[in-house]
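Structure first, then comments.
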Amino acid sequence: MVDYEEIGRALGVKSIRKVDPYKIDETMEVLKEEMDKDEPSLVLCVDAP
Amino acid sequence: MTKNGGNMKKQIMQGNAAIARAASDAGVKVAAAYPGTPSSEILRDIASTYPEVYAEWAPNEKVALEVVSGASFAGARALACMKHVGLNVAADPLMTLAYTGVKGGLVILVADDPYSHSSQNEQDSRNWTRFGKVPMLEPGDSQECYEYIREAFGLSEQFDTPVLVRSETRVSHSDTVVELGVPLERTEPAGLDKKEWQKYVMVPMNVRAARIKVEERIQKLEVYADEFKYNKMEFNDTKIGFISSGVTYNYTKEIFPEWSSLKLGMVWPLPKKMIAEFFGKVKKVVIVEELDPFFETEIRAMGYKPFHGKDVIPTMYELTPDIIEKSLKGNEYKAPEIRVNPADLPRRPPNLCVGCSHRPLFYALNKLEAFVFGDIGCYTLAAAPPLSAIHTTVCMGAGVAQAHGAMKALGKVCSVLGDSTFLHNGLTPLMDIVYNKGNATTIVVDNRITGMTGHPGTSRHRFYHKG
């Protein structure tokens with residue numbers, strides 16, 4: 001089983017967020033936050049987290 | 001499940017199903033692929049129907065070809081399948097496997113997509129065969145898919161070379177009658193042998209020796225091409241004759257059954273004596289080929305002057321019997337009566353599935369007015385209105401690195417790619433972003449499946465077809 005969070009961490013990404021895209025408001029908040037950060041970020045959109 | 005159609009000798013099969021059956025009947029032990037239209041059904045069929053063949057979805061085409069080449073080095077027959085753009089990814093091992101050669105027969109099936117029904121570009125894979133210095137066969141219907149694949153394994157072992165077999169949308173996805181042959185008696189692989197290291201270790205010293213072997217092999221294959229049973233000449237009315245291959249042969253034959261023909265089952269190397277004989281006996285030779293002027297360039301370089309070729313036959317998109325007829329008959333062409341103009345019909349482009357979790361994500365990105373570097377997969381469909389939230393698409397994994405490059409040039413941006421694409425080629429660009437201090441946001445959309453190609457599994461979910 002490949003774990004994307006673990007992969008991101010192993011590659012050195014510090015900011016890793018998991019979102020349920022069906023929760024649109026929450027997803028928009030997370031995207032806004034991550035896109036404003038001055039560092040690499042990884043957002044994992046999983047439909048059944 | 002049992003073998004498709006059980007042991008019935010004659011049956012109707014899809015081209016891809018015939019390829020799968022041929023792999024089994026040729027004694028293939030290991031098959032690997034990355035899904036891609038129009039090649040995806042081959043591995044699915046092998047996995048679901050022929051339990052004697054080990055089959056796996058690899059994370060990308062390069063890995064698929066490397067996996068099967070390992071099996072070949074161990075002496076087993078092995079098959080890799082991919083679409084045309086997949087061979088770009090697998091080109092690195094291909095170019096050197098031409099030097100190492102094989103032990104067990106190694107066949108690479110590449111399926112082209114003229115007119116780009118489901119691809120990011122339109123490529124003529126015949127160009128790999130000259131570039132890679134390996135032979136290529138091209139079947140034109142399911143019967144030929146079955147026979148050519150079986151033949152390709154024999155050729156591979158006889159000439160110690162990987163063999164490319166080119167299919168395309170209409171060949172892979174059409175159903176025609178196939179008369180099956182007798183399956184090969186399965187044998188144990190010959191095994192690995194350390195003493196053969198000079199054959200398989202491609203360091204400069206061995207490369208230079210192998211380079212001679214590659215050149216000699218292509219010369220031997222050129223001689224063999226003149227005796228190859230699937231290169232066929234047919235002399236009817238010798239005023240006009242056409243040179244063609246694959247499904248294009250069928251189209252031309254349908255329109256001009258009275259002409260003579262030279263059908264090239266092996267598209268490279270070309271049968272020089274046969275071509276000389278054809279030009280000797282036929283007054284006007286027309287070269288009919290889809291996409292690039294591959295045969296025409298070579299045949300003109302041999303000193304022959306075709307009557308027609310790419311001066312009238314289109315150099316892009318699919319050919320059809322109609323297009324060939326129109327190209328060659330010119331003003332004499334009578335178009336069939338059209339009752340409904342296709343332009344008047346409502347357009348129904350493919351859409352993201354109803355309820356798919358990609359939809360709300362792209363809705364959110366649209367509301368945020370983000371510029372999104374996209375990638376290859378069903379989520380590319382979010383480029384269309386009303387979502388309008390994918391703004392680039394180049395190749396597998398490209399979006400991640402492109403967002404990084406754009407950020408270095410301009411400022412922070414984001415990219416979106418699917419989970420299968422992330423594993424295919426998305427890890428290295430993400431590593432690049434971290435290492436080179438970028439700040440791009442990489443968004444992985446995981447709907448738990450490789451959606452676009454009929455839901456084969458990804459490594460993340462272990463939906464392996466075997467095990």
Quickly run through segment B:331-365 and pick out the residues that are open to solvent by 40 Å² or more (accessible area, probe 1.4 Å), small (Gly, Ala, Ser) and either assigned to a helix (DSSP H, G or I) or within 14 Å of another protein chain (Cβ to nearest Cβ) (or both). B:ALA343, B:GLY355
Of the candidates B:LYS229, B:LYS253, B:LYS263, the one satisfying the condition of being buried (at least 21 other Cβ atoms within 10 Å of the Cβ), closer than 23 Å to B:SER167 by Cα and either at pLDDT 95 or above or of a type in the set (Phe, Trp, Tyr) (or both) is B:LYS263
Checked segment B:216-238 for anything assigned to a strand (DSSP E or B) and within 17 Å of B:GLY140 (Cβ to Cβ); matches are B:ASN231, B:LYS232, B:MET233, B:GLU234
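Do any strands (runs of 3 or more DSSP E) lying entirely in segment B:45-124 carry at least 2 residues that are open to solvent by 30 Å² or more (accessible area, probe 1.4 Å), and which ones are they? It would help to see each step written out before you state the result.
On the way: elements: B:54-57, B:77-83, B:106-112.
Fully inside segment B:45-124 and qualifying: B:54-57.
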Within segment B:382-392, residues within 14 Å of another protein chain (Cβ to nearest Cβ) and open to solvent by 20 Å² or more (accessible area, probe 1.4 Å) come out as B:LEU387
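Considering only segment A:18-38, state which residues are open to solvent by 70 Å² or more (accessible area, probe 1.4 Å) and more than 7 Å from chain B (Cβ to nearest Cβ). Outline the logic, then answer.
Just the residues of segment A:18-38 that are open to solvent by 70 Å² or more (accessible area, probe 1.4 Å), to begin with: A:18, A:22-23, A:25-26, A:29, A:32-33, A:36, A:38.
Within segment A:18-38, A:LYS18, A:LYS23, A:ASP25, A:GLU26, A:GLU29, A:GLU33, A:ASP36 meet the criteria.
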Considering B:LEU192, B:LEU180, which residue is closer than 30 Å to B:ALA20 by Cβ and open to solvent by 90 Å² or more (accessible area, probe 1.4 Å)? B:LEU192
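Looking only at residues in segment B:393-438 that are among the charged types (D, E, K, R) and either in contact (Cβ under 8 Å) with a residue 40 or more places away in the chain or closer than 29 Å to B:THR453 by Cα (or both), which one is least open to solvent (accessible area, probe 1.4 Å)?
Going residue by residue through segment B:393-438, those that are among the charged types (D, E, K, R) are B:408, B:412, B:419, B:432, B:437.
Next cut, either in contact (Cβ under 8 Å) with a residue 40 or more places away in the chain or closer than 29 Å to B:THR453 by Cα (or both) only: B:419, B:432.
Values: B:ASP419: 4, B:ASP432: 58 Å².
Here the answer is B:ASP419.
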Per the filter on segment B:160-196, residues under 23 Å from B:LEU137 (Cβ atoms) and among the β-branched types (Val, Ile, Thr) are B:THR161, B:VAL163, B:VAL165, B:THR169, B:VAL171, B:THR176, B:VAL177, B:VAL178, B:VAL182
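The values are calculated or read from the model by the stated rules, or taken from the named source; none is laboratory data. Computed from a prediction, not measured in an experiment: that's the story for all the values here. In this analysis, Cβ positions are derived from the backbone assuming ideal geometry, glycine residues included, and neighbour counts consider all displayed protein chains. Accessible surface is based on the protein model in full, side chains and every heavy atom, while ligands, DNA and RNA are left aside. Shrake-Rupley method; radii C 1.70, N 1.55, O 1.52, S 1.80 Å.
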